[in-house]
1. Only one of Val144, Val99 is over 22 Å from the mean Cα position of the chain (by Cα), of a type outside the set (Ser, Thr, Tyr) and within 23 Å of Ile29 (Cβ to Cβ); which?
2. Checking Arg113 against (1) loosely packed, with under 11 Cβ neighbours inside 10 Å; (2) touching a Lys or Arg at 6+ places or on another chain (Cβ under 7 Å), which single condition isn't satisfied?
3. Which one is surrounded by the fewest Cβ atoms within 10 Å (Cβ to Cβ), of the residues in region 63-78 that are hydrophobic (A, V, I, L, M, F, W, C) and either touching a Ser or Thr at 6+ places or on another chain (Cβ under 7 Å) or more than 19 Å from Leu34 (Cα to Cα) (or both)?
4. Does Gln136 satisfy being at pLDDT 80 or above, surrounded by 13 or more Cβ atoms within 10 Å (Cβ to Cβ) and part of a loop (DSSP other than H, G, I, E, B)?
5. Out of Val108, Val127, report the one residue that is closer than 30 Å to Arg85 by Cα, outside the structural domain of Met88 (by TED's automatic domain parsing), modelled with pLDDT of 80 or more and among the β-branched types (Val, Ile, Thr).
6. Criterion first (part of a helix (DSSP H, G or I) and within 25 Å of the chain's Cα centre (by Cα)) does Met94 satisfy it?
7. For region 92-103, check the following and say yes or no: at least one residue is closer than 23 Å to Ser22 by Cα, touching a Ser or Thr at 6+ places or on another chain (Cβ under 8 Å), surrounded by 14 or more Cβ atoms within 10 Å (Cβ to Cβ) and in the same structural domain as Val33 (by TED's automatic domain parsing).
8. Among residues belonging to region 7-54 that are loosely packed, with under 10 Cβ neighbours inside 10 Å and not in a helix (DSSP H, G or I), point out the one that is modelled with the lowest pLDDT.
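The values are calculated or read from the model by the stated rules, or taken from the named source; none is laboratory data. This is a predicted model, so every value here is computed, not measured. In this analysis, Cβ positions are derived from the backbone assuming ideal geometry, glycine residues included, and neighbour counts consider all displayed protein chains.
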Amino acid sequence: MLWNFKSRDSKREATEGDNELSMIPVWSIVLAVLVFASVQYLFHGVLPHHRHEMLPMRLLMGYSWGTAFASYVLLVGYVSRDVKRRKMSASLWMLIVIVMPGGIGAIVYFLLRQPILSRCPHCSTEVASSYHFCPQCQFQMAPVCGRCFRGTLITDVYCTQCGHDLAEDQAPARLRAYSD
């Protein structure tokens, strides 16, 4: 049916989002649930008011603080896995994220984190994902324009920067999505 149709791009974006969510470790999820439950216990069991008109405020504060603390625990769990994936110092960044108040450590981490490196299929050199050619063996990692050498998409027919006809370039078959 037409309304159930999903394009390849939306499926790919959904899987990329799912991959990012799978980066949160199980210990972090369990700890976040426990933190949320303990904040609820604090607001509804330890600090009860006998004034019933304060119940909406107590509910709002309990859920808000519980969600904030649980989200922070999930963020710490994500950073603990992401820092290893990017080959950065895990102990240093975990210390910064946990010790700096108000989530400032997490913001600093996301501003300063290293790019994810991939391996060149030809020579196995670690290469940043933004590179179009391997710096060791000149293996073409991504499609580029033959005239201006800027990156293009594999679905482009013409270069978006200079208008060059990309079909004239002798791109490797693995980098061509459509052919006539």
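1. Details: Val144 fails: within 23 Å of Ile29 (Cβ to Cβ).
Going through Val144, Val99 in turn, just one is over 22 Å from the mean Cα position of the chain (by Cα), of a type outside the set (Ser, Thr, Tyr) and within 23 Å of Ile29 (Cβ to Cβ): Val99.
2. Exception for Arg113: condition (1).
3. Restricting attention to region 63-78, the residues satisfying the condition of being hydrophobic (A, V, I, L, M, F, W, C) are 65, 68-70, 73-76.
Adding the requirement that they be either touching a Ser or Thr at 6+ places or on another chain (Cβ under 7 Å) or more than 19 Å from Leu34 (Cα to Cα) (or both) leaves 73-74, 76.
Details: Val73: 20, Leu74: 18, Val76: 20.
Looking at residues that are hydrophobic (A, V, I, L, M, F, W, C) and either touching a Ser or Thr at 6+ places or on another chain (Cβ under 7 Å) or more than 19 Å from Leu34 (Cα to Cα) (or both), I get Leu74.
4. Considered against the rule, which asks whether it is at pLDDT 80 or above, surrounded by 13 or more Cβ atoms within 10 Å (Cβ to Cβ) and part of a loop (DSSP other than H, G, I, E, B), Gln136 comes out as yes.
5. Details: Val108 fails: outside the structural domain of Met88 (by TED's automatic domain parsing).
Within the list Val108, Val127, the selection yields Val127.
6. Working: part of a helix (DSSP H, G or I): yes; within 25 Å of the chain's Cα centre (by Cα): yes.
Considered against the rule, which asks whether it is part of a helix (DSSP H, G or I) and within 25 Å of the chain's Cα centre (by Cα), Met94 comes out as yes.
7. Yes, region 92-103 has at least one match.
8. Ser7
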